[in-house]
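The values are calculated or read from the model by the stated rules, or taken from the named source; none is laboratory data. What you see is a predicted model; the values in this text were computed from it and never measured. In this analysis, Cβ positions are derived from the backbone assuming ideal geometry, glycine residues included, and neighbour counts consider all displayed protein chains. Remember, those area values only see protein heavy atoms, side chains included, never the ligands or the DNA or RNA. Shrake-Rupley method; radii C 1.70, N 1.55, O 1.52, S 1.80 Å.
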Amino acid sequence: MPSSTTDPSGERRVALLTLGCARNEVDSEELAGTLSSGGWQLTGEAEDADVVVVNTCGFVESAKKDSIDTVLAAAETGTKVVAVGCLAERYGTELAQNLPEADAVLGFDHYTRLSERLDDVVAGRALASHTPSDRRTLLPITPVERQRASEDVAVPGHEWVPTADPMRARLDEAPVAALKIASGCDRKCSFCAIPSFRGSFVSRQPEAILGEAAWLARDGVRELFLVSENSTSYGKDLGKEYGAGRALERLLPKLAEVDGVDRVRVSYLQPAETRPDLVRVIATTDGVASYFDLSFQHASASVLRRMRRFGSTESFLALIEQIRGYDPEAGIRTNVIVGFPGETEEDVAELERFLTEARLDAVGVFGYSDEDGTEAATLDGKLDQAEVDARVERVTGLVEQLTTQRAEDRVGGVVDVLVESTADTAPEDLDGAAAIGRAEHQGPEVDGECLLTDVPDGGYAVGELVRCDVLDAEGVDLRVRPIALRARP
C-alpha cells in the first residue's frame, strides 16, 4: 500500500530528488516552479508525497546506477515515481522497459506540462514513455541561426522570465545558487555523449540571465555559480550587439554589479577556448571569483587527439602561467580521465608531469568507461578494468599529495570566506568549527571548504562574507580565523 494518499483538501504533493551536476539543480528548481504554478505542493520527504520526481543523471556508469537506485528506493515507499532528467532523456523507452518500478519516464519535452503529466500518473492514466532522439538535430547547425529556432525546442533551465511568479522556485535557502547561462555543446569529444541528449549549444539572452541573477539576490543568494556544458562558448550564437565571441567578458562585470551579489563564479571552461581577455576579466574583476574550472581531461597530446580535444602539457602550463600572472592565488581545478583507449605508460607519466608542475587546487580523477553511442566506445586499445583502476589509484594518490601541498601554500595568507553553515544550521557537520564556508578558490561541494575558528561572540550569519587569516590546512580544507566582516558596496 502507498505510504501516503492524496490530501483530502485537494492539494497534491510532490517531492523532487535531484542527482548529478549543478545544471540539474537549476532544472529541478525550474520544475519546482512549474509544478507550484500548476497547483502542486512541494515536500522534502518522499514518504509525504503523492508523486516522487527523480531528476536523473546519465553522465557515467556510477551516476546512472545512483539514479536507478534512487528510483528503486523511492518506489519502495509505495509512492508513485516519475523519472526525468538526463538518464530519462537519453534512454527513454529502454529505461522504462528495464525499470518498471517507475510509473513514467519523461523527457525534456514534457517539462513545461509536467504538472498535467503528474495528474495523469496520480489518476492511473498510462503515459507513453519518452522516445529518445539526437537533440542536436533539433536546432540549426549554424549557431547564429539558433536563437529564434530554440524558442520552439525545450531547453531545460531557460524558462525563467521576469514575472511576479517566475518559473523557478528555490529548493533550499543556501547563499549560493547555480545560474544557467547556456545549454548543450557543439564539441565532439570522443568520450562524451552529452551533446546527443542535451543538444546543440544555445546561449541564454544576457537580459534573462541578469534578471534571474537579481531575482536570486533578492532571495538571499550571495554567490552566483554560472553553469553550462561549455561556458567559454557563451555568446557565439548571439548577435554582434552582444559581443558575439566576447559576450561572457561583457556579462561577468554586469553580474558582479547586481545588488546583493558578493561573488560570481564561472564553471566549466574549455582550455582551447579560454581567451586572454576572458582570463583577465575573471582574474581581475571585483566581485568575480578568480577561479578557473578548466576541463583539461589529460595532458598527453596523443591521448587528447584521440579524445578529439586540443592541447598538451606545454600549452596547458602556459595558460596556467597566464592566469597566475594576473593572480598568483587564483583557484584552478580540473578533471582528468585515465585509462583511455590506447593510453600508454608514457602517457600516464606525461599526465603526472603536468599535474606536478601545474599545482592545481582540485583535481577530479575518473577512470575511462565506454559510453553508448560515442566514438571512444569503438576505439581499439582498450585497457583491462584492473589496469584502469590501478591507474586511477595511482593518479589519485599523486593528486592528493599535490592538492594538499597547494592548500598548505595558502597557510599564512588571507581569504574571503562566504559563510554557508553555522552551529545553528548544521551543528553535526562543523568538525569542531564555529562556522563553515568557502573561499574564492573553492567551488561548491567539490573543492574543499574553510573551517572558521575563534569566531567572535554572536558569530556570523549564513551568507555573510568574512575576511580570514589562514591558520592551517587539512587536505584541501583550510582552518581560518576571522579578521573582519566584509562590508558590501
No other cysteine beta carbon under 4.7 Å away is the test; run it over the chain and list who passes.
Cys21, Cys57, Cys86, Cys185, Cys450, Cys468
Any DSSP H helix in the chain with Cα axial reach of 15 Å or more and mean Kyte-Doolittle score of at least -0.5? Listed by number, the hits are 61-76, 206-218, 313-326
How charged is the neighbourhood of Glu314? Take every other residue with its Cβ under 14 Å from the Cβ of Glu314, and add Lys/Arg as +1 and Asp/Glu as -1.
-2
Projected onto the charge dipole of the chain (unit charges on the beta-carbon of Lys, Arg, Asp and Glu, signs +1, +1, -1, -1), the Cα from Cys192, Thr137, Ser300 with the largest positive-side position is that of Thr137
For the stretch 225-242, in order, what is each residue's ³J(HN,Hα) by Karplus, 6.51 cos²θ - 1.76 cosθ + 1.60 with θ = phi - 60°, in whole Hz (x at glycine and Pro)?
10, 6, 10, 5, 7, 7, 5, 5, 8, 3, x, 5, 9, 9, x, 4, 5, 9
Which sequence of His441, His110 reflects their accessible areas, 1.4 Å probe, from the largest down?
His110, His441
Can you give the charge dipole size of the stretch 439-489 about its Cα centre, rounded to the nearest 20 debye, using +1 on the beta carbon of Lys and Arg and -1 on the beta carbon of Asp and Glu?
300 debye
Nearest-20 debye value, the chain charge dipole, Cβ charges on Lys, Arg, Asp, Glu:
1760 debye
So what's the net charge close to Glu207: Lys and Arg +1, Asp and Glu -1, counting the other residues with Cβ under 13 Å from its Cβ?
+1
Which shape class applies to the stretch 114-237: rounded if a/c is under 1.5, otherwise prolate when a/b exceeds b/c and oblate if not, where a ≥ b ≥ c are the square roots of the Cα gyration tensor eigenvalues?
oblate
Note, Leu99: beta-carbon cut-off 15 Å, +1 each Lys/Arg, -1 each Asp/Glu, net -3
How big is the accessible area of Cys185 in square angstrom, nearest 10, if you roll a 1.4 angstrom probe over the protein chains?
20 Å²
Quick shape check on the chain: root eigenvalues a ≥ b ≥ c of the Cα gyration tensor, a/c under 1.5 is rounded, otherwise prolate if a/b tops b/c, else oblate, and it reads rounded
For the chain, what is the relative contact order in percent, using Cα pairs closer than 8 Å and at least 6 residues apart in sequence?
9 percent
Sequence-distant or interchain residues sharing an amide H contact under 5 Å with Thr43, placed H: which?
Val14, Ala15, Leu16
Could you order Cys192, Cys450 so the one with the most accessible surface comes first? Probe is 1.4 Å.
Cys192, Cys450
